[in-house]
Amino acid sequence: MRRAIPVLAGLVLLVALLALADMSLNSYYLRILGLMGIYIVLTVSLNLPNGFTGDFSLGHAAFMAVGGYCAAVLTMPLVSKELLLTELPTWLQETVVPFPIATVAGGLLAALVALPVGLVVLRLRGHYLAVATIGLLIVVQGIATNWDSVTRGARGLSGLQPHTTLWWSFGWAVVTIFVVWRMAYSPFGRAMVSIRDDPLAAACRGVRVFRTRLVAFIVSAFFAGVGGSLLAHQITAVTPSTYSFDVTFLVIIMLVVGGMGSVTGSVIGAVIMTVVPVLLRDLERELDMVGTAQLVIAGALIAFMIFRRQGLMGTREFRLAGRFGPKASSPSPAPDQSQTPTSS
Amino acid sequence: MASEDKSDLRSPEDRGTTHSSADELLHVAGLGRKFGGLTALADYDVDLRSGELLGIIGPNGAGKTTLFNVLTGLVPPSSGEVRFCGKDQTGAAPQRLAEVGMARTFQNIRNFASLSVIDNVKVALQLHESVPLWQTIVGTRRYRADQARIHDRAVDLLELLQLDQARDHRADGLPYGAQRRLEIACALALSPKLLLLDEPAAGMNPTETLELMHLIRRVHEEFKLTIMLIEHNVHFIMTICHRIQVLNYGRVIAEGEPAYIRKHPAVIEAYLGHGASDA
Ligand SMILES: Nc1ncnc2c1ncn2[C@@H]1O[C@H](COP(=O)(O)OP(=O)(O)OP(=O)(O)O)[C@@H](O)[C@H]1O
Ligand SMILES: [Mg+2]
């Protein structure tokens with residue numbers, strides 16, 4: 001497996017860099033770096049429906065909320081549970097689950113919720129689907145705000161342990177990239193892209209269109225749930241506003257900036273849109289021009305959409321080894337042998 | 001190469017089985033489709049035996065494409081029944097019909113634009129080679145073996161259709177004739193029993209058209225395919241088809257051997273009157 005060597009080298013480099021950052025950065029920057037890992041998880045996973053099957057979902061934050069609340073309830077220390085969550089069933093009241101397991105459980109619950117949701121909303125496509133997933137976000141927000149016995153409504157769940165280290169957030173980022181990459185560049189990925197290009201023709205070519213879209217949606221929801229748990233245990237609290245529209249749109253922006261349909265593009269988009277706002281905020285404080293950072297980012301995004309709508313990477317991938325995706329359309333038209341006359 | 005292909009590209013269940021009613025592959029009776037007040041197709045009947053090559057001609061808007069759309073499940077029929085391989089498939093979904101052995105090409109080419117040429121073919125080859133998703137993610141040995149086999153078959157098909165040199169190019173970057181051949185490659189990749197070709201020579205120059213004619217004959221014989229062919233090029237269709245149906249205003253107005261069709265007064269009236277000269 002020659003291809004594995006550059007990937008392994010990359011992983012080693014990542015570990016070294018993270019260790020270095022862990023030792024040298026202050027807690028503020030460590031937090032931001034951790035957030036970067038979480039955003040990579042979220043953006044790369046959102047790429048499955050939005051970038052690859054062409055189902056533009058705006059419901060990512062809803063699945064984050066499901067995973068985040070689920071994991072939070074599971075990891076909350078017994079003392080806090082006795083104080084805050086008195087109405088839980090006793091078996092839940094008396095169990096504390098280790099963070100990694102709670103995170104997986106959060107992801108699984110989000111995936112489980114995505115099944116019936118997907119069966120309904122994936123009957124739609126395009127704008128209708130986007131609107132329906134906003135509806136999902138509103139419903140989940142409503143539940144989080146009103147289901148007092150589990151979520152404590154608008155007060156939320158506080159007093160969580162800060163489990164989300166740099167290692168967890170980037171560990172999950174690597175897992176997400178790996179899984180999504182394997183899905184995207186496989187028969188499953190070809191099916192996804194064929195659906196994005198032309199769903200009817202895909203069906204005529206034997207692609208199980210609905211099932212493929214549903215699976216992409218569910219896997220995406222799983223990692224959203226994981227991301228929700230990671231975020232909860234970084235902030236050490238969850239409230240309905242932790243998983244608001246803002247989060248959905250931030251992740252959408254990361255996805256679009258990176259290039260929908262490119263896994264490495266998603267990573268790049270997440271990194272840039274985590275780092276640039278922070279740098280700009282530092283700069284605006286230095287220059288004493290508070291508020292300008294937001295404007296600059298908004299302006300840059302508009303310009304970006306005008307001049308490079310396909311995002312930084314388009315649907316191409318940055319690869320450590322091997323070739324880039326399909327060769328571009330225009331240069332060197334394929335040899336059309338039928339042009340050469342063979343008979344009179 | 002060609003004779004090995006034959007065994008490779010047929011689906012396993014297709015080999016050696018005989019269907020209940022002798023070798024009848026497709027039975028269509030009373031098929032109709034209305035769009036609002038417009039009757040695009042009415043009372044359409046056909047019986048196709050395995051290995052037949054049926055041509056369908058008719059003026060613009062006659063309902064030829066609608067017939068294919070109804071047969072392949074893109075548009076549900078308003079009336080009538082379709083039996084394929086002895087089973088009722090009336091109103092079945094396109095994916096299901098692809099599975100049981102119907103493959104088509106489109107009049108307005110519909111390859112997957114952002115996939116490479118070879119990946120377009122692989123999408124279709126995957127129909128009979130699906131792997132569980134977890135095996136894909138883990139990358140099991142079986143998965144890798146399957147992928148290698150799919151790759152080889154895709155390369156074979158691309159060679160057959162003279163597309164092998166373009167295999168890594170985006171499908172939408174190909175010249176017109178090559179895009180049409182790619183559609184045929186994808187349709188063949190489904191290992192179909194029945195191949196429906198909707199104006200495969202449209203937009204091709206005379207040389208390309210001639211080559212396509214040879215190609216259709218060749219796959220018809222080598223893959224023992226049954227073919228339904230829509231074509232405006234009268235010479236083309238008269239040369240390669242055993243039997244021809246003429247559609248006009250959604251109805252079959254004549255049916256028979258090429259020689260018979262050529263002389264049929266209703267056909268000359270409806271169709272050949274305008275089109276005979278460009279043959
Ligand atoms: N989806 C649709 N909705 C409404 N009308 C349709 C639809 N599809 C086809 N028609 C109509 O049905 C009639 C038959 O069209 P069809 O495309 O089957 O003709 P055709 O024989 O393939 O013609 P051509 O030679 O131009 O391809 C036309 O009048 C067309 O406008
Ligand atoms: Mg037509």
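Any read-out appearing in this document is the output of simple, stated calculations on the displayed coordinates, not a laboratory observation. Please read all numbers here as calculations on a predicted model, not as lab measurements. Cβ atoms come from the backbone with ideal geometry, glycine included; neighbour counts cover every protein chain shown.
Numerical summary
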quantity	calculated
Within straight-line cross-link reach of A:K81, aspartates and glutamates at Cα separation under 15 Å, skipping those fewer than 8 residues along the same chain	A:E94, A:D148
Peptide ranges B:109-121, A:290-302, B:250-262 listed from the most packed, as the mean C-beta count within 10 angstrom indicates	B:109-121, B:250-262, A:290-302
Nearest-0.05 FRET efficiency for A:H127 and B:E129, computed from C-beta distance (R0 41 Å)	0.70
Residue exposure sequence - A:Y39, A:Y28 - by fewest surrounding Cβ within 10 Å	A:Y28, A:Y39
Highest-fluctuation residue, A:V117, A:V66, A:V238 considered, GNM on chain A with Cα pairs under 10 Å	A:V117
Of B:K87/B:K193; B:K64/B:K87; B:K193/B:K224, those spanning more than 19 Å from alpha-carbon to alpha-carbon	B:K64/B:K87
Vicinal HN-Hα couplings computed from phi for segment A:216-230 (Karplus, 6.51 cos²θ - 1.76 cosθ + 1.60; Hz; Gly/Pro x)	4, 5, 5, 4, 4, 5, 4, 6, 5, x, 4, x, x, 5, 4
At R0 = 45 Å, FRET efficiency that the Cβ-Cβ distance of A:V275 and A:E94 yields, to 0.05	0.60
Hypothetical label at A:L17: residues of segment A:176-191 whose amide nitrogen lies under 18 Å (7 Å Cα-Cβ projection)	A:176-178
Positive minus negative residues near B:T90 (Lys, Arg vs Asp, Glu; Cβ under 13 Å)	+2
Peptide B:126-137, shielding by other chains (average Cβ, 10 Å cutoff)	4
Long-range amide H partners of B:L196 with built H, under 5 Å	B:A103, B:R104, B:T105, B:M228
Surrounding net charge for A:L166, when Lys and Arg each add one and Asp and Glu each subtract one, Cβ distance under 10 Å	0
Chain A: angle of helix A:99-121 to the longest principal axis, Cα-based, in degrees nearest 10	60 degrees
Whole-number percent relative contact order across chain A, with pairs defined as alpha carbons under 8 Å at least 6 apart	29 percent
Label point 7 Å beyond Cα of A:L25 along Cβ direction - residues of segment A:252-292 with amide nitrogen under 14 Å	A:271-279
Protection proxy ranking of A:166-177, B:124-135 - average other beta-carbon atoms within 10 Å, highest first	A:166-177, B:124-135
For chain A, calculated [θ]222 nm from helices alone, where every DSSP H run of n ≥ 4 adds -39500 (n - 2.57)	-22500 deg cm²/dmol
DSSP beta bridges in chain B [antiparallel fraction, %, rounded to 5]	55 percent
Average beta carbon contacts from partner chains per residue of B:143-152, 10 Å cutoff	1
DSSP-defined antiparallel bridges as percent of all bridges, the protein assembly as shown, nearest 5	60 percent
Distant-in-sequence amide H partners of B:I253 (H built 1.01 Å from N, under 5 Å)	B:V246, B:L247, B:N248
Tensor-based shape of segment A:27-307 (alpha-carbon gyration tensor, a/c under 1.5 rounded, otherwise prolate or oblate)	oblate
Over chain B: helical MRE at 222 nm, DSSP H runs n ≥ 4 each giving -39500 (n - 2.57), nearest 500	-11000 deg cm²/dmol
Amide hydrogen neighbours beyond the local backbone of B:S79, cut-off 5 Å, H modeled	B:G32
Cβ-based net charge around A:G54, under 12 Å, with every Lys or Arg adding one and every Asp or Glu removing one	0
